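Q: Got a structure for you, written out below as structure tokens; questions coming shortly.
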Amino acid sequence: MTRIILFNKPFDVLSQFTDKGTEGTTRRTLSEFIDVPGVYPAGRLDRDSEGLMVLTDNGKLQAKISNPKFRSPKSYLAQVEGHPTDDQLEQLRKGVVLKDGPTRPAQVEQIMPPDLWDRDPPVRYRKTVPDAWLRLTITEGRNRQVRRMTAHVDLPCLRLVRWSVGEWSLDGIAPGTWRDA
């Protein structure tokens, strides 16, 4: 039977179980939170991003979730610097051209600030620079894609939370905790 774990990855945690890159490192990894043998992340989530990670012991499911050819939708809540204009949102909806090529169109809408947990450390706050929240859904998963897309339309990302992957979401999962799907 396939095991699927839904984990709410906190900020500043690597989306892998070991950190072999740096001898004697103090960087936090998944092993601090998940002690389940045989499960592996289906995709990655940047160290400075938070939110849903799906882990499984099924290699085919892992590939289906993480491979862009399957177009598995991933939804993000992004706090951006500035007030999004209709033109900026439309550019994201059509897809933008990044250094590694054009992105697929994204579903995007401006939303009210979501009721999320506090982040440690907190997002920098500047009185003179407004911010806004967007909900974006993409069907790719390039390196730092959402951050690069919002930056491309002059909306730098301050905080990024992956809310859902396919049918799974963060509903009811506190940061640093997990549950079986």
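The values are calculated or read from the model by the stated rules, or taken from the named source; none is laboratory data. Because the structure is a prediction, the values reported are computed rather than measured. All Cβ positions, glycine included, derive from the backbone under ideal geometry; neighbour counts span all protein chains shown. Accessible surface areas use protein heavy atoms only, side chains included; no ligands, DNA or RNA. Shrake-Rupley method; radii C 1.70, N 1.55, O 1.52, S 1.80 Å.
Q: Any chance you could count how many residues in the stretch 90-143 are closer than 17 Å to residue 71 by Cα, open to solvent by 90 Å² or more (accessible area, probe 1.4 Å) and part of a loop (DSSP other than H, G, I, E, B)?
A: So the answer is 1.
Q: Would you point out which residue out of 75, 49 is touching a Leu at 6+ places or on another chain (Cβ under 6 Å) and closer than 17 Å to residue 142 by Cβ?
A: So the residue among 75, 49 that is touching a Leu at 6+ places or on another chain (Cβ under 6 Å) and closer than 17 Å to residue 142 by Cβ is 49.
Q: Determine which single condition residue 146 fails, assuming it passes every other condition in (1) without any contact (Cβ under 8 Å) to a residue 12 or more places away in the chain; (2) under 19 Å from residue 53 (Cα atoms); (3) assigned to a helix (DSSP H, G or I).
A: Among (1) without any contact (Cβ under 8 Å) to a residue 12 or more places away in the chain; (2) under 19 Å from residue 53 (Cα atoms); (3) assigned to a helix (DSSP H, G or I), residue 146 violates only (1).
Q: Does residue 72 satisfy the condition of being in a loop (DSSP other than H, G, I, E, B) and polar (S, T, N, Q)?
A: Considered against the rule, which asks whether it is in a loop (DSSP other than H, G, I, E, B) and polar (S, T, N, Q), residue 72 comes out as yes.
Q: Out of 96, 123, report the one residue that is farther than 30 Å from residue 39 by Cβ and in contact with a His (Cβ under 9 Å, 6 or more places away or on another chain).
A: Going through 96, 123 in turn, just one is farther than 30 Å from residue 39 by Cβ and in contact with a His (Cβ under 9 Å, 6 or more places away or on another chain): 96.
Q: Let me ask another. Pairs please, first residue from the stretch 109-121 and within 14 Å of residue 159 (Cβ to Cβ), second anywhere and polar (S, T, N, Q) and open to solvent by less than 60 Å² (accessible area, probe 1.4 Å), Cβ atoms under 8 Å, 6+ apart in sequence or on different chains.
A: What qualifies is 113/79.
Q: For residues that are open to solvent by 80 Å² or more (accessible area, probe 1.4 Å) and acidic (Asp, Glu), tally how many sit in the stretch 34-87.
A: Let us first name the residues in the stretch 34-87 that are open to solvent by 80 Å² or more (accessible area, probe 1.4 Å), namely 35, 37, 40, 44, 47, 60, 64, 69-71, 83, 86-87.
Within this subset, residues satisfying the condition of being acidic (Asp, Glu) are 35, 86-87.
So the count comes out to 3.
Q: Between a first residue in the stretch 154-179 that is without any contact (Cβ under 8 Å) to a residue 60 or more places away in the chain and a second residue that is open to solvent by 20 Å² or more (accessible area, probe 1.4 Å), which pairs have beta carbons less than 7 Å apart while being 6 or more apart in sequence or on different chains?
A: Taking only residues 6 or more apart or on different chains, not a single pair turns up.
Q: Please state which one of 31, 15 is over 19 Å from residue 172 (Cα atoms), modelled with pLDDT under 95, surrounded by fewer than 18 Cβ atoms within 10 Å (Cβ to Cβ) and touching a Lys or Arg at 6+ places or on another chain (Cβ under 7 Å).
A: The unique qualifying residue is 15.
Q: Further, regarding this structure: Could you count how many residues in the stretch 46-99 are aliphatic (A, V, I, L, M) and within 14 Å of residue 15 (Cβ to Cβ)?
A: 5
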